[in-house]
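The values are calculated or read from the model by the stated rules, or taken from the named source; none is laboratory data. Treat the numbers as computed from the prediction; the structure is a model and nothing was measured. Counting neighbours? That spans all protein chains shown, and the Cβs are built from the backbone with ideal geometry, glycine included.
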Amino acid sequence: MQNLELKPAVDKYQPLVLTPLEDIRGFLFHHLGRFLLFLITFSSVLLMLLIFFFVIREAIPFLMKFNLTEFLTTKSWYPEASTPKFGALSLIVGSLYVTIAALVFAVPTGILAAIFLSDIVSLKIGDFIKPVIEILAAIPSVAYGFFAVLVLAPWMQNKLGFTTGTNALNASIILSIMALPTIISVAEDSISTIGRELREASYALGATRFETIFKVVIPAAHSGIIAAIVLGMMRAIGETMVVWMASGNANQIPSPWWDLSQSVRTMTATIAGDMGETPKDSLHYGALFAIGVVLLVMTFLLNIISEYFLASAKRKSGKS
């Protein structure tokens with residue numbers, strides 16, 4: 001038999017016993033690295049707390065003068081009237097309206113695309129398609145807004161007979177496209193972590209590919225899929241430019257509720273549209289920050305929900 005020459009794992013010689021200087025240097029680098037990582041993490045948390053503090057501080061004067069219940073339950077938003085009215089209900093409903101409608105379009109498409117990438121196509125093709133889908137997240141939102149106003153809005157008026165092309169349906173379609181990269185990426189990662197064992201066990205029991213995907217894989221990956229949906233919802237509800245340009249900015253609650261051809265106004269579009277022309281420390285100024293507080297609370301709760309389901313998906317993948 002031919003003698004095989006054993007080579008060291010690394011070319012550089014590493015002594016088993018360190019000199020005092022090397023020991024001190026390693027100790028300092030170790031703790032310095034930990035301190036820098038802690039500082040970066042702490043700075044991120046501190047920045048988030050400062051944002052919360054700033055928004056709440058600016059909203060407190062308005063909340064002390066105006067009834068919070070009236071602010072959240074009335075839909076009359078007339079800040080420039082002789083008798084100003086600050087009812088944010090229609091704005092909250094408008095934000096939820098276009099977000100939920102966007103999810104109706106994006107969730108089935110996103111989940112099916114995630115299944116296609118993880119279980120249908122080959123790994124080589126999937127590695128090519130997934131970065132292309134994620135490029136959609138890099139397109140500026142104002143570019144989506146111009147597409148909605150210049151292409152989609154005239155098409156809706158000419159082909160569908162809508163009185164206006166800037167409406168809830170227009171904004172919802174564009175928001176669904178913007179939410180797709182998040183939903184597809186997170187859902188595909190969750191489905192892929194299930195592993196081959198569960199799939200092979202299902203095939204061994206006589207299940208078809210369709211039955212394996214929809215009765216075994218998706219239920220097993222439901223936590224990660226729910227997290228993907230929540231993250232996609234956060235992407236849609238926090239969007240500003242698209243809803244500002246494409247939703248029509250009509251301060252109303254659609255009636256009937258299912259009529260997406262009507263224009264709506266969202267919280268983010270209201271803040272973006274009014275903030276530049278509002279005098280500082282005025283009641284209108286405080287009302288805009290109160291809307292920001294509502295939006296922050298909503299996104300914060302959605303973030304907690306998504307983190308819960310992502311952690312649950314990681315625990316399940318670890319057990320499997």
Review point. Can you name the residue in the stretch 61-118 that is small (Gly, Ala, Ser) and in contact with a strand residue (DSSP E or B) (Cβ under 9 Å, 6 or more places away or on another chain) and is also farthest from Ala179 (Cα to Cα) among such residues?
Key: Ser76
**Study point:** Cβ-Cβ under 7 Å pairs, at least 6 apart or on other chains, the stretch 147-173 side among the aromatic types (Phe, Trp, Tyr), far side surrounded by fewer than 20 Cβ atoms within 10 Å (Cβ to Cβ)
**Key:** Phe162/Ser261
Review point. Part of a helix (DSSP H, G or I), closer than 19 Å to Val294 by Cβ and within 15 Å of the chain's Cα centre (by Cα): does that describe Leu72?
Key: no
Practice item. Name, by its number, the condition in (1) part of a loop (DSSP other than H, G, I, E, B); (2) within 25 Å of the chain's Cα centre (by Cα) that does not hold for Leu288. Key: (1)
Point to revise | Sole exception among (1) of a type outside the set (D, E, K, R); (2) out of contact with any helix residue (DSSP H, G or I) (no Cβ under 9 Å at 6 or more places or on another chain); (3) farther than 22 Å from Thr299 by Cβ; (4) not in a loop (DSSP other than H, G, I, E, B) for Val93, by number | key: (3)
Revision key, fill the gap. Only one of Pro219, Pro256 is more than 22 Å from the chain's Cα centre (by Cα), in a helix (DSSP H, G or I) and without any contact (Cβ under 8 Å) to a residue 12 or more places away in the chain, namely Pro219
Exercise for review: Give the number of residues within the stretch 122-143 that are under 17 Å from Gly232 (Cα atoms), small (Gly, Ala, Ser) and surrounded by 13 or more Cβ atoms within 10 Å (Cβ to Cβ).
Suggested key: 2
Revision key, fill the gap. Residue pairs within 9 Å by beta carbon, gap of at least six or interchain, first lying in the stretch 121-141 and at negative phi, second acidic (Asp, Glu) and not in a helix (DSSP H, G or I), listed first then second, are Ser141/Glu239
Check your understanding: What is the number of the single condition among (1) crowded, with 16+ Cβ neighbours inside 10 Å; (2) closer than 16 Å to Pro61 by Cβ that Asp281 does not meet?
Key -> (1)
Exercise for review: Return yes or no: is Ala102 within 28 Å of Gly195 (Cα to Cα), in the same structural domain as Met245 (by TED's automatic domain parsing) and in a helix (DSSP H, G or I)?
Suggested key: no
